[in-house]
Structures are given as structure tokens and as C-alpha cells.
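This report concerns only the one structure given below.
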Amino acid sequence: MGKQQISIPLDIADVNVLSVEFRGGAYHIKLESSLEYAYCRQCGQRITALHEREDWVKVQHLPILDRAVFLYYRAKRYRCPDCQGGPTTTQRLSWHEPNSPHTVAYDRYLLRMLVNSTLEDVTHKACVSYDSMVGVVERCVATAVDWERYSDLNVLGLDEIALKKGQRDYVVIVSTRQKAARWRYWGYCATAAKRQFVLSWTAFPHGCEIRLRPRVVTCTTAIYKPAGPVYPRPAWSLTASMWPACIATRLMAYAKVK
């Protein structure tokens, strides 16, 4: 009796599958982009004059039945007939970032594996290198906040964690839960020796303080230190039982993530 087979969607848009091969305990799939255009890197217009196809690129995709999956494709280059010198532009694909060893979907998969784990843990779970995991974090975690995406802050969460064992090297994780019940993590801010966390609106882009400050409904924290003066503005409803004296002024520059 022959082996039973099933069909699994690749879930990658705008590609044609050229071949599928199973060897060395992994699936190797050759693809080609079905898009016949790119956008000129100089003038930005849509161009359709194919110049050449680049060398084969190998990227890792989501595993299938616990088997590694590798995709191969040749990026297309298009020439702009209007710009001086006829510059060429490589087609950008929504499912793969240039110079990344993974697809966008696989990057997000590895990022989810980091929940309650370290980079080193995931390297053993997914059989990827430590440098690859560092690249995942750099590609998927923004180092600055796009404040234009926020129309409300609703709930702010401040949680202190230790980078090392002991009573030193603390950072504060800053997050927000918006009205649509979506959590957004802005990053972390280093704290001082006495776990001081100074909040300041002044480093926000111009206009954000006026627009976003009234949108803060609740601020919660797990930092327990002798309480000091409480933030006096009515827009804040403080839910922690004890507050450090430093959480008494304004919101800090979350964009300055180190």
C-alpha cells in the first residue's frame, strides 16, 4: 500500500511553485514570483521591463510536520526607462526581507517561541544559530515608537524585571492596552540603583503630549517602594497600592530603547 499524501497550503502570496523535493530530512521547494513589476528605487514609479533574474536565494520557512522547509527563488530585477542611466531595481517581496535567512512568517514563528524563553533556548528548540535569533529580534522588534499609530493609550502597564540575579540591573517594561483590547509593548527603560523610574512627556514628539495625555485612563505597576506624591492629573486612575516617589511627574521617552 502506497504512502498516504495530503496537501498543505504554502500560505505565501503571489508565487508559483516550480518543484518540491524531500531530501536530508527536509523539504526543498523552488518558487518564482508571479508579480511582473517592481517600483523604481529612484523615481518610485511602477516598472515592468525585466532586466534579469538574480542568483538563487535560499530561505527557511515554517516547518511541515516537524520537518524543516527551505524555499528557493530568484529575485527579479527591472529597469526603469525614464530615469537617467536606466537604473535597475530588485523586486521586493512581501514574504521575505532582503538579506534575511528566514521568511517573514518564520521570523514571527521564532519570535513567538521566545515567550517565556531566552534566545539560547530557542536556538536549541528550532535548531537555528544564535546570530539568526538576534537577527529575528532586530527585524521584528522596533527600536522606536511610531506615535502616529496611537489615538488612545487607555491602560499603561509598568513592570520591573531583573536582568541578572540579585538586587541590581533592573529595567522597566512599558506596555499599553488600547480600547480594542490589543496589547502593544513599547520597550524597556533602564532604572537607577534605587529602582527609580522617571516619567517625562517632554521627549514625546511635538503634539503627542496634548493628544495622548488625556487618553490615559489607568496606569498599573508592580513596583513596590515607599509611596510618594501621586500624579495629580485627573486623567490618571492609579491602581497600585504603593507607588515610588518617582512615578509622580510625567511620561518618559519610551522610544529610547537601548
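The values are calculated or read from the model by the stated rules, or taken from the named source; none is laboratory data. None of these values were measured; they are calculated from a predicted model. Note that we place each Cβ from the backbone using ideal geometry, even for glycine, and neighbour counts take in every protein chain shown.
Before moving on, here are some points about what is shown:
Condition check ((1) more than 20 Å from I47 (Cα to Cα); (2) in contact (Cβ under 8 Å) with a residue 40 or more places away in the chain) across all residues:
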position: T88; (1), (2): no, no
position: L93; (1), (2): no, yes
position: R112; (1), (2): yes, no
position: V115; (1), (2): yes, no
position: L119; (1), (2): yes, no
position: K125; (1), (2): yes, no
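- Close pairs (6 angstrom Cβ cut-off, 6 or more residues apart or separate chains): of a type outside the set (D, E, K, R) in segment 19-44, in a loop (DSSP other than H, G, I, E, B) anywhere: S34/D14; L35/D14; Y37/T48; A38/Q91; C40/C80; Q42/C83; Q42/P87; C43/C83
- Of the residues in segment 101-111, none is within 28 Å of the chain's Cα centre (by Cα) and not assigned by TED's automatic domain parsing to the domain that holds G135.
- Qualifying positions in segment 33-78 - under 12 Å from Q91 (Cα atoms) and of a type in the set (D, E): E36, E52, E54
- Every residue from segment 76-92 that is out of contact with any Cys (no Cβ under 7 Å at 6 or more places or on another chain) and at positive phi: G85
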